[in-house]
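The block underneath contains the structure these notes are about, expressed in structure tokens.
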Amino acid sequence: MPDRISDGTGSDVAEPARYDQELSRSLGLWGNVALCVAAITPAVGVFAIAPILLNMAGTGAVWALVIAGLLGLSMAACYGELGSAYPIAGGDYSVVMRTLGKSAGFVSLVFTGPVCAFLIPAVVALTIATYLNVIVPLDARWVGAVVIAIGTVIAILGVRLSARLVGLLLAVELLVVVFVTILGFAQTQHSLTEVLTPTVFGSDGPQALAVGTLLAAVAVAAFTYNGFQGALLFSEETAGGGRNIARSVFISLGVAVSFGVIPVLGGLLGARSLSEFTTSATPWQQFLTETGGEAFNTVVSLGIALAVVNGVMALTPYFARVIYSSGRDMVWPAPVSKALAKVHPRFETPWVATLVIGAAGIILILTMDVEAMATVIGTVIALEMILVALSAIVSRVRFPDLVRPYRMPLWPAAPLAAIALCLVVLFEQTRQDQITAIVIVATSLAYYVCYVRPRSSTHMKMLDPAESD
């Protein structure tokens with residue numbers, strides 16, 4: 001029950017129950033942006049995910065990234081408004097749960113918690129060995145596990161330290177991406193018209209890209225930008241109020257799209273052969289070797305590996321906030337929830353939740369084929385976007401008086417556009433990924449119905465955010 005306080009007129013007024021401010025509110029706008037952009041990891045998007053897009057869609061990879069950017073802009077409007085109204089560390093699920101209800105919110109939690117939080121850092125960490133192999137052959141699994149362990153330790157030591165270190169390495173990361181981009185534009189081999197004509201290359205020669213294939217690639221491209229909504233996860237550690245959360249969302253997305261579309265366009269323009277570049281498993285290493293030789297490829301590849309390490313370091317505290325918030329909301333059995341909600345007394349970080357993220361990533365990367373599981377992430381992200389976009393519509397209807405430091409223009413155009421595009425993208429995913437997503441949803445709802453709902457008096461009590469400075 002909420003406490004009661006006097007309003008100065010002799011009557012009592014209910015004071016809303018709030019979360020305690022346990023996390024260190026030591027981030028400014030640009031510290032938040034640095035953590036979000038590093039979690040997006042532009043270098044991973046360019047050097048790890050773009051090759052998948054190029055193999056899928058050929059020169060249509062540029063259009064897949066552009067369409068995903070438009071989808072991201074629609075979602076940024078939704079995240080900006082909802083995040084400014086609900087500045088809570090749980091991010092997506094906290095918003096969805098308060099707007100669409102607890103069952104939908106729990107599905108969102110599973111998407112952004114166990115599924116993405118455990119899988120994405122492991123998938124990213126696996127790519128590091130590819131670029132380190134230019135010096136010495138290494139086991140990708142063990143390299144990834146070591147990097148995840150390092151990222152876990154740094155995340156526990158403090159959000160300000162993480163932001164500073166990640167910001168420093170982020171500058172290096174962006175410089176590497178810019179350098180490779182300039183190389184492409186400086187040695188243009190093809191016309192802009194040729195590169196922007198969606199074409200795939202196979203044994204039968206160049207062919208026009210099918211619309212269905214392009215839309216399937218959009219889901220992968222959306223994965224490239226995933227993380228701009230991370231501003232919500234650091235809400236309780238960001239000074240300046242709700243508008244800074246919205247600003248961080250838009251700035252982070254703008255950086256992500258710029259460092260996604262332009263480098264891929266530059267690579268296509270500078271590639272000696274579009275057929276070889278778009279069908280190669282390692283197109284950037286081929287591109288670098290053709291440009292400056294083996295020594296040049298080695299130096300730049302080491303820079304890329306460092307950039308990917310930075311991405312893993314940023315993803316760990318990013319997802320730890322989701323797991324921490326779920327424990328604080330008593331979503332799991334009581335002993336588990338209480339442990340996940342613990343905050344380190346000195347560093348003021350969710351240290352148990354951070355350890356869980358690190359341990360899960362290490363176990364997955366050493367025991368399972370996470371690369372084979374990576375394709376479902378795009379499907380899950382599309383479903384999650386639908387839940388958030390629906391929340392942006394329903395919130396205005398259910399809670400018209402809710403304080404919104406940022407209000408999206410032309411409501412509900414942005415969420416409706418996002419929902420429509422996500423549905424089209426989902427329809428084009430593989431049957432296996434669609435079935436996997438359905439199983440995740442069904443399992444989540446079963447857990448909610450059988451465990452959480454019967455304990456609604458003690459579990460999943462959604463409090464108001466702590467008052468900011």
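The values are calculated or read from the model by the stated rules, or taken from the named source; none is laboratory data. Computed from a prediction, not measured in an experiment: that's the story for all the values here. Methodologically, a virtual Cβ is constructed for each residue, glycine included, from the backbone with ideal geometry; neighbour enumeration extends over all protein chains shown. Just so you know, the surface numbers come from the protein's heavy atoms only, side chains and all, with ligands and any DNA or RNA stripped out. Shrake-Rupley method; radii C 1.70, N 1.55, O 1.52, S 1.80 Å.
Below is a table of values for the structure above.
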{"quantity": "Compactness relative to 2.2 N^0.38 Å, alpha carbon Rg of the range 63-114", "calculated": "1.27"}
{"quantity": "Mean accessible surface per residue for the range 215-294, computed with a 1.4 Å probe while every protein chain stays in place, in Å²", "calculated": "26 Å²"}
{"quantity": "Extension reserve of the Arg431-Ala339 stretch, reckoned as 0.36 nm per residue once the Cα distance is removed", "calculated": "29.3 nm"}
{"quantity": "At most 12 other Cβ within 10 Å, DSSP loop - trypsin sites (Lys or Arg not before Pro), the range 332-382", "calculated": "Arg346"}
{"quantity": "Distance from the range 82-136 to the range 193-266 (C-alpha centre basis), Å", "calculated": "16 Å"}
{"quantity": "Estimated Rh, the range 238-300: Kirkwood, alpha-carbon pairs, angstrom", "calculated": "14.1 Å"}
{"quantity": "Virtual spin-label span in nm between Phe185 and Ser456, 7 Å along Cα→Cβ", "calculated": "5.6 nm"}
{"quantity": "Val299-Arg407 pseudo-label distance in nm [points 7 Å out on the Cα-to-Cβ vector]", "calculated": "5.5 nm"}
{"quantity": "Net length gained if the chain between Ser258 and Glu276 were fully extended (0.36 nm per residue, minus Cα distance)", "calculated": "4.0 nm"}
{"quantity": "Accessible surface of the chain [probe 1.4 Å, protein heavy atoms]: carbon and sulfur percent", "calculated": "66 percent"}
{"quantity": "Relative contact order, percent, the chain [alpha-carbon distance under 8 Å, six or more residues apart]", "calculated": "32 percent"}
{"quantity": "Expected-Rg normalisation [2.2 N^0.38 Å, Cα atoms] applied to the range 81-180", "calculated": "1.39"}
{"quantity": "Principal axis box of the chain, alpha-carbon based, largest edge first, Å", "calculated": "80, 44, 39"}
{"quantity": "Tail weight of P(r) past 17 Å, computed on alpha-carbon pairs of the range 170-215, percent", "calculated": "57 percent"}
{"quantity": "Solvent-accessible heavy-atom area per residue, rounded to whole Å², over the range 366-420 at 1.4 Å", "calculated": "47 Å²"}
{"quantity": "Stokes-Einstein D in µm²/s, Kirkwood radius over Cα pairs - the range 168-291 at 4 °C with 1.567 mPa s viscosity", "calculated": "77 µm²/s"}
{"quantity": "Rh (Kirkwood; distinct C-alpha pairs) - the range 200-247, Å", "calculated": "14.0 Å"}
